[in-house]
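First the structure, in the form of structure tokens, and then the observations on it.
Every number here is computed from the coordinates shown, using simple stated rules; none is lab data. Here the structure is a predicted model, which means the values were calculated and not measured.
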Amino acid sequence: MSEKELARIKKLFGANLKKIRDSKNLSLLEADYVSELNESNISKYENGKREPQLSTIIKLAKMLKIHPKELLDFGIDFTPESPNKESAEEGSSGA
């Protein structure tokens, strides 16, 4: 994964985190208190300046009372396309 792709994913993750936190009416200070994560670090995650570890994603999810996968649901399909997809489609049309 390129640095550009990673930076984009961090921004999307952060925007999603902020959207969910805002929907729960949690301020950064309240999020800091509830999650035991530093207010400054939460802000860095939300602004795409810092990449959270898995343990942090779990803490954030607990803070927000959501499943961790919701934090990662920001509209990117990470499923690689099959290299044989085009040839399989071409072969099926000529039957």
Longest to shortest principal axis, alpha-carbon extents of the range 3-71, angstrom
32, 23, 22
Under 5 Å from the placed amide H of LEU26, counting only residues 5+ away or on other chains, we find none
